[in-house]
Amino acid sequence: MTLAAYVPHNYPLDEIEPGLEETAFYDPSNFTYPSGAYACEVEVDPETGKVTIERFSAADDFGNIVNPMIVDGQVHGGIGQGIGQALLEHCVYDENGQLVTGSYMDYAMPRADDVPFYTVDHSCATPCTHNPLGVKGCGEAGAIGAPTTVVNAVIDALQSGGHKVDHIDMPVSPSRVWEAMQG
Amino acid sequence: MYAFELERPSTLADAVAALSGGEAQPLSGGQTLIPTLKQRLASPGKLVSLTGIKELRGIRLDDAGQLAVGAATPHVQVAAQDHYPALAHLAANIGDPAVRNRGTIGGSLANNDPSACYPAAALGSGATIVTNTREIKADDYFTGLFDTALEEGEIITEVRFPVPRRAAYAKFEQPASRFALVGVFVAQYAQGVRVAVTGASEGGVFRWAEAEKALAADFSADALSGLALDGAGMIADLHGSGAYRAHLTGVMTRRAVAAAG
Ligand SMILES: Cc1cc2nc3c(=O)[nH]c(=O)nc-3n(C[C@H](O)[C@H](O)[C@H](O)COP(=O)(O)OP(=O)(O)OC[C@H]3O[C@@H](n4cnc5c(N)ncnc54)[C@H](O)[C@@H]3O)c2cc1C
């Protein structure tokens, strides 16, 4: 029908206009509530403050999953984005309002060797009760879970190394970790 | 980018002649110069490409047993030679494969970026920078940030490295560019030990005299304990304070000594 609507060479064009348009609005009775738990293991170089992520696991309940590979990939990308925010990415302006991180020579994007292999688990799939597919949102889960997980792991590593540190602003760069270790 | 003329001489003599007209600048791997032109931060009327000149390319041992690297030799070839492993390791960790396939030792030393790796190797080895008119000792060559002893129109032709007994380069990467936030080159020769530090100082690459003295007496990481630089005169930017760079200089020096074995 769509094909016919858009190939109008034999239409009576004065009677029917080509094309097919319809607008519908879905008003969900409620939001969806995905939930998850993230864990990671980091190593902090005590001499330089450099953080290395050794392992990262993410378990999410996204309800029914229609395409598992897309969901895994979405979470992988989100964790990468979250690790970038936690450890690397930073917009800095000088006192004149000039952006000093205007190129990748100073703005640190996560690269392949900044991220570990991830374990993702979606085996807990509790169907959402208020949409017909039983699905939940998954788009931002990785990017939401990863920054807190990474920074908490760094703080935990510093505390277990005897440092009285309970907060470091993101990005947790080597120099900031080192400053924090100096007390 | 502004318009410019390009010449591709095949001999050093032709390159020198092409550069004598003023307004002209040598082009080697282009890894620094081309981005500068793209940002319109320079507008040379003419670029004289050096990479087609055979006598500027390649690696050999000279009569004195020094490793002589042609100025237009790309990093990837320095990384592949096995006469001077610490230098190979340094070259292998510059930038990415594309940068290493194009970027050259002559371009790096002419540019003298305060965060670049080769200046540490040249100063740390007591290398000789050979140009079309003279030979310059590394100790006299580096004169400040992006500043060298080269005269207008002078071309680096070769860099000669005395091969040390043992040596290593330890680089702590700036997280974004992966240039050296601090890089330390340590080399031990019969005459003594040299320690050259890049990335750290507002004056560019420098030798750390106290560390050299301590290592000459005892070439071990322990010999450095108690030695420290302070943050005065060190580069401070969004990637780290002067105090952090001073601290990293100590850490990287110890790691370089340990790696040199
Ligand atoms: C993404 C990226 C990452 C990098 N990472 C690193 C790194 O980790 N460590 C590091 O040390 N470097 C790094 N570099 C810089 C790299 O090593 C460049 O190759 C080097 O700075 C310039 O060499 P070139 O041959 O490209 O020189 P060009 O860009 O061609 O020239 C640079 C300057 O030197 C002059 N010049 C060139 N050859 C000669 C000569 N023979 N005689 C006199 N003047 C000459 C030119 O006129 C120009 O002013 C990086 C570069 C990029 C783009």
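Nothing in this text is a laboratory measurement; each read-out follows from the coordinates by a stated rule. The shown structure was predicted, so the numbers you read here are calculated from the model rather than taken from an experiment. All Cβ positions, even for glycine, are placed from backbone atoms using ideal geometry, and neighbour counts span all protein chains on display.
Just a few scattered comments:
- Among the residues of segment B:52-91, the one identified as of a type in the set (Gly, Ala, Ser), over 17 Å from B:SER125 (Cβ atoms) and within 11 Å of the ligand (Cβ to nearest atom) is B:ALA72.
- Among the conditions (1) among the acidic types (Asp, Glu); (2) in a loop (DSSP other than H, G, I, E, B); (3) away from every other protein chain (no Cβ under 14 Å), the only one that A:ASP72 does not satisfy is (2).
- Screening B:THR11 with (1) touching a residue at least 24 places away in the same chain (Cβ under 8 Å); (2) more than 24 Å from B:LEU87 (Cβ to Cβ); (3) within 9 Å of the ligand (Cβ to nearest atom); (4) β-branched (Val, Ile, Thr) gives one miss only, at (3).
- Residues that are of a type in the set (S, T, N, Q) and more than 14 Å from chain B (Cβ to nearest Cβ) were ranked within segment A:25-69; the one that is farthest from the chain's Cα centre (by Cα) is A:SER29.
- Residues of segment A:19-62 satisfying the condition of being small (Gly, Ala, Ser) and under 20 Å from A:ILE79 (Cβ atoms): A:SER35, A:GLY36, A:ALA37, A:ALA39, A:SER57, A:ALA58, A:ALA59
- Output for segment A:137-183, where each listed residue is within 14 Å of chain B (Cβ to nearest Cβ), part of a helix (DSSP H, G or I) and of a type outside the set (Lys, Arg): A:PRO174, A:SER175, A:VAL177, A:TRP178, A:GLU179, A:ALA180, A:MET181
- Residue in segment A:120-128 that is touching a helix residue (DSSP H, G or I) at 6+ places or on another chain (Cβ under 8 Å), touching a residue at least 24 places away in the same chain (Cβ under 8 Å) and away from every other protein chain (no Cβ under 14 Å) present: yes
- In segment B:145-183, the qualifying residues are those that are assigned to a strand (DSSP E or B) and among the polar types (S, T, N, Q), and the one that is farthest from the ligand (Cβ to nearest atom) is B:THR148.
- Hey, B:ALA138 closer than 26 Å to B:GLY52 by Cβ, free of Cβ contacts under 8 Å to residues at least 60 places away in the same chain and of a type in the set (Gly, Ala, Ser) or not: no
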